[in-house]
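The values are calculated or read from the model by the stated rules, or taken from the named source; none is laboratory data. What you are looking at is a predicted structure, and each value in this text was computed from that prediction instead of being measured. Heads up, the Cβs are rebuilt from the backbone with ideal geometry, glycines too, and the neighbour counts pull from every protein chain shown.
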């Protein structure tokens, strides 16, 4: 806990020192003046003895290999009740387990997130600590398709968030909200939002965190009929199907870490009309050497064998990486085994 306070304090000190290097629409203060530099290359400003590096160009590399997921209910004070299960200090354990990228829910459309972004000091602490460990952080957001301006603004806040040259390595759009608008209207709003954010942020890798095709084409055809795969295909760089096989029964044939994900990726690429579409698949839920999550019996967790099968499916589908949702629901044995699997895969 002391480590987390140090990290938070460091992030705050960095913000206060740099001022203008932090970009977030939720704050409108006029930043203090800074000195623009032309030399050396890679430096954007200097305040006294503090040199601010220019933000590095974003690539798809962070989506490769082994990743893990953290949502607001894990780390954000308004959602965790002040008792977070994941803090910036946990990144060291993730790095030790071979995790290269953390997928962090950095913004939310909810009364508990009135400014859009989660606590910017806390987000900064994640970015600073991740860089010190050689890790990347990809931010993600769940649009609700009720107000396209709000969804677009939330994604802009995430894409533009910067502290001392550190930015999120990419932005993931969590496409699964089905309440409110009818299917056709929701699909149209999704297409429009996707086109807008692609145009708004041409230098930001965008990933589509999508419902697995098996779910909406086989298991429940009424979940999101007419999902606009082909229409949104041009706007995303990486596809991240949520292949949570632990929700599927063994009798269905999909309660398996391999089958559910492998078929979903095949269907995904066919739907997109892109046989070589870049995929980083998401498995889960969690992983424990047992059956159910004792904290939430409605969310059965994956077994070690199922995790092994999931990693096999990544290789057989030519996926560039994979991850398990989420870090907080992976027990020690699951974390150790996944580290072994990705290290040798």
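Counting just the residues of the range 305-341 that are over 23 Å from residue 140 (Cα atoms) and touching a strand residue (DSSP E or B) at 6+ places or on another chain (Cβ under 6 Å), which one comes out surrounded by the most Cβ atoms within 10 Å (Cβ to Cβ)? Once the filter is applied, the top-ranked residue is 307. Residues in the range 175-197 that are surrounded by fewer than 19 Cβ atoms within 10 Å (Cβ to Cβ) and under 24 Å from residue 159 (Cβ atoms): 176, 177, 188, 191, 192, 195, 196. Filtered by the rule that a residue be out of contact with any helix residue (DSSP H, G or I) (no Cβ under 8 Å at 6 or more places or on another chain) and under 22 Å from residue 141 (Cα atoms), the range 208-229 gives 209, 211, 216. Scanning the range 123-155 for residues that are closer than 14 Å to residue 107 by Cα and either modelled with pLDDT under 95 or surrounded by fewer than 21 Cβ atoms within 10 Å (Cβ to Cβ) (or both), we see that the one that is nearest to the chain's Cα centre (by Cα) is 142.
Give the residues of the range 230-284 that are in a helix (DSSP H, G or I), over 16 Å from residue 194 (Cβ atoms), in contact with a helix residue (DSSP H, G or I) (Cβ under 9 Å, 6 or more places away or on another chain) and modelled with pLDDT of 95 or more, sorted by residue number. Once the filter is applied, which keeps residues that are in a helix (DSSP H, G or I), over 16 Å from residue 194 (Cβ atoms), in contact with a helix residue (DSSP H, G or I) (Cβ under 9 Å, 6 or more places away or on another chain) and modelled with pLDDT of 95 or more, the range 230-284 yields 245, 259, 260, 261, 262, 263, 264, 265, 266, 267, 270.
Out of 116, 170, which single residue is touching a strand residue (DSSP E or B) at 6+ places or on another chain (Cβ under 7 Å) and modelled with pLDDT under 95? Within the list 116, 170, the selection yields 116.
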